1. For the range 122-149, enumerate the residues that are under 18 Å from the mean Cα position of the chain (by Cα) and assigned to a loop (DSSP other than H, G, I, E, B).
2. Can you tell me which of 141, 134, 196 is touching a Gly at 6+ places or on another chain (Cβ under 9 Å), surrounded by 12 or more Cβ atoms within 10 Å (Cβ to Cβ) and among the β-branched types (Val, Ile, Thr)?
3. Quick one: would you say residue 195 is assigned by TED's automatic domain parsing to the domain that holds residue 176, at pLDDT below 95 and within 25 Å of residue 108 (Cα to Cα)?
4. So is residue 154 on the phi > 0 side of the Ramachandran plot, outside any helix (DSSP H, G or I) and within 27 Å of the chain's Cα centre (by Cα) or not?
Amino acid sequence: MSNPRRRRSRKRDADAPGRDRWILSYADFITLLFAFFVALYSISLKDAGDQEVLSETLNGVFEAVQKSIKPINVGEPVAGQPDSERLLEVAPPEESDADNPPGEVEGRSPLYEALNQSINSQFPTLQSKGDIAITEDADWITLDMKAALVFDQGDFELTNEAVALMIVISNILRAYPAPIMVLGNTDDLPTNSTRIPSNWHLSSLRAASVVDELVYRGINPKLLAPIGFSSENPQVRNTNDFARAQNRRVTLKISKHRSDNLHDYLFN
């Protein structure tokens, strides 16, 4: 005579493969519950802007589910069970963008943003008046300063406002150490001075004065170099006084690539 306990045990073992089916029903219930609360939330929205945000959020959720590629098995497959009921899919984690490491943002660099914000905060009218211009390309951040802002006419010693400006700039540059070329430029008029015999002298001395101040404010001297271009690098043609004022300037060319030494960066 067979043992009834043994027969019941075999019956439970035969039913074991389908005992995890409840998870599918539970997942359907959670999905419906989520849809219910989304509907309640959408009713509470008062303007089109909120609705647009909700729409974008939901689209992102459902697109992520559609793009999921790695299914998770729920229990053992049951004989005769459709494949669509055997698997639940989850969205894979988003891959990090290797081109934008932490701290980097798409578009403007952090150094550009820091310079722009600090100068506008401390000297709110300089950029609007055209006394300072900050631009950026793939390799350099360029900070142009009109000579009339930084120097008295025909002189190479920094004005008090220029010193205050150098303090603000150096505070930023200390946090973003990088090679910096300081370029002096003049107009095409002669200097008419025995102390400063040519525009080559004037442009070089002005660039050197800016470098001296930056070093005094804590910038690594190995990252700096003054360069005088005389009148040979004009922004516009020297046709009138206004054009000449545009060409009299000092420029900071700040590399966007880190280095410990400007000479090695330029020539190695």
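1. Within the range 122-149, 137, 138, 139 meet the criteria.
2. 196
3. For residue 195, the condition - assigned by TED's automatic domain parsing to the domain that holds residue 176, at pLDDT below 95 and within 25 Å of residue 108 (Cα to Cα) - is not met.
4. In short, no.
The values are calculated or read from the model by the stated rules, or taken from the named source; none is laboratory data. Here the structure is a predicted model, which means the values were calculated and not measured. Note that we place each Cβ from the backbone using ideal geometry, even for glycine, and neighbour counts take in every protein chain shown.
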